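Since the structure comes first, as structure tokens, the remarks are kept for the end.
The values are calculated or read from the model by the stated rules, or taken from the named source; none is laboratory data. Owing to the predicted nature of the structure, the values given are computational and were not obtained by experimental measurement. Note: ideal-geometry Cβ built from the backbone for every residue, glycine included; neighbour counts use all protein chains shown. The accessibility values were calculated without ligands, DNA or RNA, using every heavy atom of the protein model including side chains. Shrake-Rupley method; radii C 1.70, N 1.55, O 1.52, S 1.80 Å.
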Amino acid sequence: MQLKNVIESPCGIRYMLDQLELQSGFARRWLLDSPMMTGEGEIATSYDVLRRFDTFVGQADKTRLDTLLFKLQGLKDIRTTIKNLQNHATLDDIELFEVKHLAILATDVSRLLHEQGMDAVVEIPALDEVITILDPDGMKIATFYIYDSYCAQLKDLRNMMRKHPEQQDDLLLQANELEEGVRQDLSKQLHPFATAISQAQIALARIDVNLAKAMQMRQMGLTFPVLSQDGTTAYKAMFHPQVKEALATRGREFQPVDIAFGGHPTLITGANMGGKTVVLKTLTLCQLLFQFGFGIPAASAQIAVKDEIHFCIGDEQSVEKGLSSFAAEMKNIDAVIKASRENKKLLALIDEPARTTNPTEGAALVTALLQVLAGRDMNLVMTTHYDIEPGDARCLRVKGFENGTMDYQLVEVQDGEVPHEALNIAQSLGIDNEWITTARTLLEDSNRQQ
Amino acid sequence: MRFQGVPFINDILRYDSLSIVGLEKNTGKTECLKYVLDRLPVQTKRIAVTSIGIDGETVDQVTRTQKPEIVLREGMYFGTSEAHYRQRRLVSELIDVSDENTSLGRVVTAKALTGGKILLSGPSSASGLRRWMQEMHRFDIDLVVIDGALSRMSSASPAVSQSMILATGAAYSANIATLVSKTAHVVDLINLDLTSQGNIARLMPLEKGLWFIDKDGALNNLDSMTSLSRDIRFDGMENCETLYVAGALVDGFLEKVRKNKSLKQVELVVRDFTKIFVTPQQFRLFIKAGGRIRVLQKSKLIAVTVNPTSPSGYVLDSDILCAKLSEAIGLPVYDLLKNKPCN
């Protein structure tokens with residue numbers, strides 16, 4: 001699975017990418033194409049690299065950092081050109097320019113990083129020979145044409161052109177043939193470097209991405225995660241950057257949440273508007289950010305690596321596709337159950353399953369789901385409004401409505417009993433009084449009958 | 001009016017960008033571009049040439065005539081598409097391959113190492129053109145010359161280029177009186193005065209909608225989004241001093257402003273002349289009734305050129321045309337073909 005496959009995930013990872021200050025379009029494409037990491041080793045290595053860039057961003061003086069960022073703006077996607085070179089095609093002037101431009105850029109960036117003691121962090125292949133081939137006069141500037149010094153005859157023809165503009169068309173024809181010969185020769189000389197050029201291009205993209213991630217960590221107050229050794233995932237003061245930003249623009253503050261989960265399923269209950277869905281969104285976001293090597297929005301984070309991440313939420317998109325909300329949801333959860341049989345490490349985050357059906361069957365479905373998944377090797381975090389038998393699930397509850405304000409913290413409770421605060425909350429929203437009072441009367445009547 | 005020397009070349013050099021636009025096909029825009037490029041001091045100034053709005057074929061789809069090649073001089077910079085770069089008929093050094101895409105590939109920039117011919121096809125939108133011009137700062141370009149689109153003024157917008165030359169001629173109208181009055185209308189719009197510095201600073205950031213500033217200096221938004229809205233109302237605007245139209249200004253709106261008694265003294269402000277789409281009649285009525293129109297940005301109209309020959313072969317009297325037009329617009333008018341120096 002590549003980053004581009006999860007970019008539209010309702011957890012809001014797109015926001016993180018939109019806020020990433022990448023210098024080049026190529027780095028963005030490369031990042032979107034990068035696969036989700038599922039090996040502990042590769043994740044650890046990627047954070048080691050990011051840590052070096054984080055230190056660099058923190059310590060480098062502003063001018064040096066800006067120079068490096070400005071250089072990276074010149075990184076272009078020349079994959080087609082590289083492919084042509086690999087396929088023994090003759091490159092045209094524009095393609096030769098692209099190769100030269102990249103080679104000079106790679107050398108410049110390499111030197112800048114070397115000066116900062118960062119050489120070994122991201123390996124950039126040396127392309128000095130490529131530059132020598134495309135810069136016969138040793139000008140060291142990233143411009144290109146078929147230079148006079150490639151061919152003495154060409155030089156003579158061009159001088160004639162300047163002296164006799166009236167013969168230009170004829171002379172150009174002759175010159176074109178000579179130029180084409182030079183291009184063929186240059187392409188042959190460059191062919192052995194095709195792989196190194198391609199590696200250099202990717203190395204520059206990696207540098208761009210790591211710098212952007214490091215800067216984002218500082219801007220958003222993200223943290224480096226610790227790889228979990230015991231399969232437990234735990235966050236202290238976890239937050240959702242996009243929701244935090246949205247609240248901030250309305251002059252409100254995001255209340256960070258502590259949460260930990262491991263082998264046993266975790267059930268989150270709580271009043272409406274208690275932020276249960278935001279918790280699941282944030283957990284999904286953090287897990288994805290972790291496996292794509294980004295900073296984590298929390299004060300501290302210990303995360304277990306997963307093979308698959310399933311976020312099941314009332315999916316608007318499926319509804320737009322014509323599936324009923326119930327059908328869409330059932331299919332999503334079905335995928336979780338199927339995957340759980342395949343001996344994969346799973347993280348499943350399920351928001352209020354079966355919420356759109358009748359409460360009797362809904363509660364049965366949720367209880368059964370909990371029982372079915374409880375025995376499997378997976379991490380399950382689920383929210384619900386139904387009063388259900390939690391089995392051996394851990395139960396967390398949003399503290400809820402106290403003194404007119406919502407406390408979004410999660411507290412551990414012994415049973416899965418759900419709070420009955422819907423009417424109070426609706427009242428605090430200023431919902432029509434006749435409606436709420438009538439509901440209250442009905443509730444009291446039914447309680448009395450019991 | 002006889003043409004002596006090359007007076008407007010020095011005017012051009014006072015600005016960092018020049019856009020050449022034609023009011024109609026065959027009004028001599030390309031001749032004008034050639035004329036300018038032949039005379040700019042390429043030894044002392046870094047000159048870059050590009051175009052807007054040529055999308056595709058080398059044969060003009062409307063007139064079936066061959067699209068003109070531009071003759072560049074050694075040392076000039078140019079921006080054109082990859083496809084046209086490969087067809088260049090000169091020796092040139094590539095200095096940049098941009099991310100601006102056109103139907104003919106990316107826009108590339110090069111320096112001519114010999115004189116010769118090229119086909120010009122630059123960025124395909126005004127915003128793309130602006131980005132390309134920004135890039136040119138890296139190469140210390142002194143002047144960017146833009147071969148503007150026909151009958152589309154966007155490339156001449158002061159947001160893109162500081163100065164402009166307008167090409168008109170018999171192709172626009174084959175009757176001298178009509179041609180003069182239609183051209184004078186465009187010139188009137190280009191030459192509209194700037195509003196106050198205070199207004200410019202306040203209104204420039206507003207990119208859409210209708211706004212007014214009242215006598216107390218308060219800035220208000222009118223709910224109707226554009227001046228195109230049919231049921232526009234000017235309620236509660238008795239105190240309005242300045243009415244700003246961020247988008248297009250059209251006939252119906254101008255008429256409503258003119259007929260509204262409470263807006264008699266109002267100063268109507270538009271972004272720049274390219275946003276005005278009113279007929280000469282409505283414009284004149286508005287001005288006659290004492291209306292004022294001002295702009296936030298304006299480009300310097302350096303000269304007007306005429307081509308007295310229409311595509312059908314009809315030829316207007318060049319001297320009379322130049323004289324009448326010059327009198328109507330108060331600017332020198334040149335017939336570049338007729339007055340070509342006889343060397």
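Which is in contact with a helix residue (DSSP H, G or I) (Cβ under 7 Å, 6 or more places away or on another chain) and without any contact (Cβ under 8 Å) to a residue 24 or more places away in the chain, of A:Gln427, A:Gln414? From the options A:Gln427, A:Gln414, the qualifying one is A:Gln427. The residues of the stretch B:70-115 that are acidic (Asp, Glu) and either more than 9 Å from chain A (Cβ to nearest Cβ) or surrounded by 21 or more Cβ atoms within 10 Å (Cβ to Cβ) (or both), listed by number, are B:Asp96, B:Glu100.
With the requirement that a residue be in a strand (DSSP E or B) and among the aliphatic types (A, V, I, L, M), what does the stretch A:236-262 give you? Correct list: A:Ala237, A:Met238, A:Val257, A:Ile259, A:Ala260. With respect to being closer than 21 Å to B:Asp11 by Cα, open to solvent by less than 30 Å² (accessible area, probe 1.4 Å) and not in a helix (DSSP H, G or I), B:Ser155 falls outside the description.
Kindly provide the set of residues from the stretch A:66-90 that are under 14 Å from A:Ser198 (Cβ atoms), open to solvent by less than 60 Å² (accessible area, probe 1.4 Å) and more than 26 Å from the chain's Cα centre (by Cα), ordered by number. Selection gives A:Thr81, A:Ile82, A:Asn84, A:Leu85. Restricted to the stretch A:157-192, and to residues there that are open to solvent by 70 Å² or more (accessible area, probe 1.4 Å) and either away from chain B (no Cβ under 13 Å) or in contact with a His (Cβ under 8 Å, 6 or more places away or on another chain) (or both), the residue that is modelled with the lowest pLDDT is A:Glu177. The residues listed here are A:His114, A:His101; of these, the one that is over 16 Å from A:Gln184 (Cα atoms), part of a helix (DSSP H, G or I), open to solvent by 20 Å² or more (accessible area, probe 1.4 Å) and within 13 Å of another protein chain (Cβ to nearest Cβ) is A:His101. Residues in the stretch B:278-292 that are farther than 11 Å from B:His185 by Cα, hydrophobic (A, V, I, L, M, F, W, C) and surrounded by 14 or more Cβ atoms within 10 Å (Cβ to Cβ): B:Leu285, B:Phe286.
So if I check each of A:Lys76, A:Lys71, which one is closer than 18 Å to B:Ser98 by Cα, free of Cβ contacts under 8 Å to residues at least 60 places away in the same chain, within 14 Å of another protein chain (Cβ to nearest Cβ) and not in a helix (DSSP H, G or I)? Answer to the check: A:Lys76. Restricted to the stretch A:403-450, and to residues there that are assigned by TED's automatic domain parsing to the domain that holds A:Asn272, part of a loop (DSSP other than H, G, I, E, B) and polar (S, T, N, Q), the residue that is modelled with the highest pLDDT is A:Gln414. Kindly indicate the residue of the stretch A:3-41 that is touching a residue at least 24 places away in the same chain (Cβ under 8 Å) and among the small types (Gly, Ala, Ser) and also farthest from A:Phe70 (Cα to Cα) among those meeting that condition. It comes out as A:Gly39. Does B:Gly128 count as in contact with a strand residue (DSSP E or B) (Cβ under 9 Å, 6 or more places away or on another chain) and closer than 23 Å to B:Glu24 by Cα? Criteria not met by B:Gly128.
A search for C-beta distances below 8 Å between a residue of the stretch A:133-144 that is in the same structural domain as A:Leu190 (by TED's automatic domain parsing) and outside any loop (DSSP other than H, G, I, E, B) and any residue that is of a type in the set (Lys, Arg) and surrounded by 19 or more Cβ atoms within 10 Å (Cβ to Cβ), counting only pairs 6+ apart in sequence or on different chains, returns A:Leu134/A:Lys100; A:Phe144/A:Lys100.
Selection of the stretch A:143-153 for residues being more than 9 Å from chain B (Cβ to nearest Cβ) and among the aliphatic types (A, V, I, L, M) yields only A:Ala152. Considered as a group, the residues in the stretch A:117-139 that are away from every other protein chain (no Cβ under 14 Å) and touching a Lys or Arg at 6+ places or on another chain (Cβ under 8 Å) include one that is surrounded by the most Cβ atoms within 10 Å (Cβ to Cβ), and that residue is A:Val130. For the criterion of being more than 20 Å from the chain's Cα centre (by Cα), under 28 Å from A:Leu172 (Cα atoms) and modelled with pLDDT of 90 or more, B:Ile141 passes. Consider A:Thr38 carefully, then state whether it is assigned to a helix (DSSP H, G or I) and outside the structural domain of A:His240 (by TED's automatic domain parsing). Criteria not met by A:Thr38.
Could you figure out which of (1) under 28 Å from the mean Cα position of the chain (by Cα); (2) over 20 Å from A:Lys188 (Cα atoms); (3) surrounded by 20 or more Cβ atoms within 10 Å (Cβ to Cβ) isn't true of A:Ala142? If we test A:Ala142 against (1) under 28 Å from the mean Cα position of the chain (by Cα); (2) over 20 Å from A:Lys188 (Cα atoms); (3) surrounded by 20 or more Cβ atoms within 10 Å (Cβ to Cβ), just (1) comes out false.
Only one entry of A:Glu179, A:Glu123 meets the criterion of being part of a helix (DSSP H, G or I) and in the same structural domain as A:Trp30 (by TED's automatic domain parsing), and that entry is A:Glu179.
Yes/no per residue for (1) more than 12 Å from A:Gly270 (Cα to Cα); (2) within 30 Å of the chain's Cα centre (by Cα); (3) in contact (Cβ under 8 Å) with a residue 24 or more places away in the chain:
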{"residue": "A:Val372", "(1), (2), (3)": "yes, no, yes"}
{"residue": "A:Leu380", "(1), (2), (3)": "yes, yes, yes"}
{"residue": "A:Asp387", "(1), (2), (3)": "no, no, yes"}
{"residue": "A:Leu423", "(1), (2), (3)": "yes, no, no"}
{"residue": "A:Ile436", "(1), (2), (3)": "yes, no, no"}
{"residue": "A:Ser446", "(1), (2), (3)": "yes, no, no"}
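Kindly indicate the residue of the stretch B:17-55 that is outside any strand (DSSP E or B) and among the small types (Gly, Ala, Ser) and also most open to solvent (accessible area, probe 1.4 Å) among those meeting that condition. Applying the filter and picking the extreme gives B:Gly53.
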